[in-house]
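Single-structure report; data block below.
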Amino acid sequence: IERTLSIIKPDATRRNLTGKINAKFEEAGLRIVAQKRIKLSMGQAGKFYEVHKERPFYGELCEFMASEPVVVQVLEGEGAILKNREVMGATNPADAAEGTIRKEYALSVGENSVHGSDAPETAAQEISFFFSGLELVG
Ligand code: GTP
Ligand code: MG
């Protein structure tokens, strides 16, 4: 059974979409095994998105992620990493498939409502960035 790190981004928490987004995960068979609402500092956002630090949108991305609270969560299920990325939809909501979270809720390529880990190594790294072993019950 696989786990992935999910973040409900500030554009979605601000619009009270946490419950609707969580319903999408649960309907897809993803179990929310850990979850907390936190506000990232610029430093924390910068560290989380360090892989993107050479990209032109890095500063904008970090400022957005630190602008308002986010909900960080661990989703568990068969093939959870890929399944979550399917439920999320394409990065740019204009390209996202019907029924996906980003198609229904994202505002733009930057304010795109959710983050999901993209591979097993990044999932493990991103889960331990936000959660201790004690916070993770099966
Ligand atoms: P994540 O699950 O958030 O990692 O999305 P992704 O894997 O679909 O996209 P990627 O890793 O390429 O980019 C990470 C995040 O950077 C995206 O989710 C967007 O929030 C942001 N981003 C990507 N491209 C742009 C852009 O052109 N402009 C802005 N402002 N943000 C962008
Ligand atoms: Mg990514």
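The values are calculated or read from the model by the stated rules, or taken from the named source; none is laboratory data. The structure displayed is predicted, hence computed values, not measured ones. Note: ideal-geometry Cβ built from the backbone for every residue, glycine included; neighbour counts use all protein chains shown. Accessible surface areas use protein heavy atoms only, side chains included; no ligands, DNA or RNA. Shrake-Rupley method; radii C 1.70, N 1.55, O 1.52, S 1.80 Å.
Please give the FRET efficiency for residue 23 paired with residue 51, using the beta carbon to beta carbon distance and R0 = 22 Å, rounded to the nearest 0.05.
Values: r = 30 Å, r/R0 = 1.35.
Efficiency computed from Cβ-Cβ geometry: 0.15.
What does the net charge come to around residue 57 if you take all other residues with beta carbon closer than 12 Å to its beta carbon, with K and R at +1 and D and E at -1?
On the way: positive: 53, 55; negative: 54, 60, 63, 111.
Net of charged neighbours comes to -2.
Pairs of Cα atoms nearer than 8 Å and 6+ residues apart set the relative contact order; for the range 1-127 it is 39 percent.
At R0 = 22 Å, how high is the FRET efficiency between residue 38 and residue 97 if r is their beta carbon distance? Nearest 0.05 is fine.
On the way: r = 30 Å, r/R0 = 1.35.
Between residue 38 and residue 97 the formula returns 0.15.
Once you order the gyration tensor axes a ≥ b ≥ c over the Cα atoms, which shape class does the range 1-89 get: rounded for a/c under 1.5, otherwise prolate or oblate by comparing a/b with b/c? The shape class here is prolate. Net charge dipole, the chain: roughly 380 debye, given to the nearest 20, about the Cα centre with Cβ charges of +1 for Lys and Arg and -1 for Asp and Glu. Each of 64, 30, 16 was placed along the dipole of the range 1-64 (beta-carbon charges, centred on the mean Cα), and the one lying farthest toward the positive end is 16.
Calculated accessible area for the chain comes out at 52 Å² per residue, all protein chains present (probe 1.4 Å; ligands, DNA, RNA ignored).
On a straight-distance basis, which lysines could pair with residue 9 in a cross-link, Cα separation under 17 angstrom, same-chain partners fewer than 8 positions away excluded? Output for residue 9: 20, 24, 36, 39, 47, 103.
Relative to one another, the C-alpha centroids of the range 10-78 and the range 98-138 are positioned 6 Å apart. Each residue of the range 82-98 is assigned a 3J(HN,Hα), and the resulting list reads 5, 4, 4, 5, 5, 5, 5, x, 4, 3, 8, x, 5, 9, 6, 6, 3 Hz, derived from the Karplus form 6.51 cos²θ - 1.76 cosθ + 1.60 (θ = phi - 60°), x at Gly and Pro.
When a 1.4 Å probe is rolled over the protein heavy atoms, the share of accessible surface on the chain that falls to carbon and sulfur comes to 50 percent. Only helices enter this figure: runs of n ≥ 4 DSSP H residues, each worth -39500 (n - 2.57), summed and divided by the residues of the chain, yield -10500 deg cm²/dmol at 222 nm to the nearest 500.
Site pair residue 135 and residue 121 shows an inter-label distance of 2.4 nm when each label is modelled 7 Å from Cα along Cα→Cβ.
So which trypsin sites (Lys or Arg not before Pro) in the range 17-71 end up in coil per DSSP with only 15 or fewer other C-beta atoms within 10 Å? It would help to have the intermediate numbers written out before the result.
Numbers: sites: 20, 24, 31, 36, 37, 39, 47, 53; in loops: 39, 53.
For trypsin sites (Lys or Arg not before Pro) across the range 17-71 that sit outside H, G, I, E and B with at most 15 neighbouring Cβ atoms in 10 Å, the list reads 39, 53.
Scanning residues 5 or more positions from residue 79 or on other chains, those with amide H under 5 Å from its amide H are 2, with H placed 1.01 Å from N in the peptide plane.
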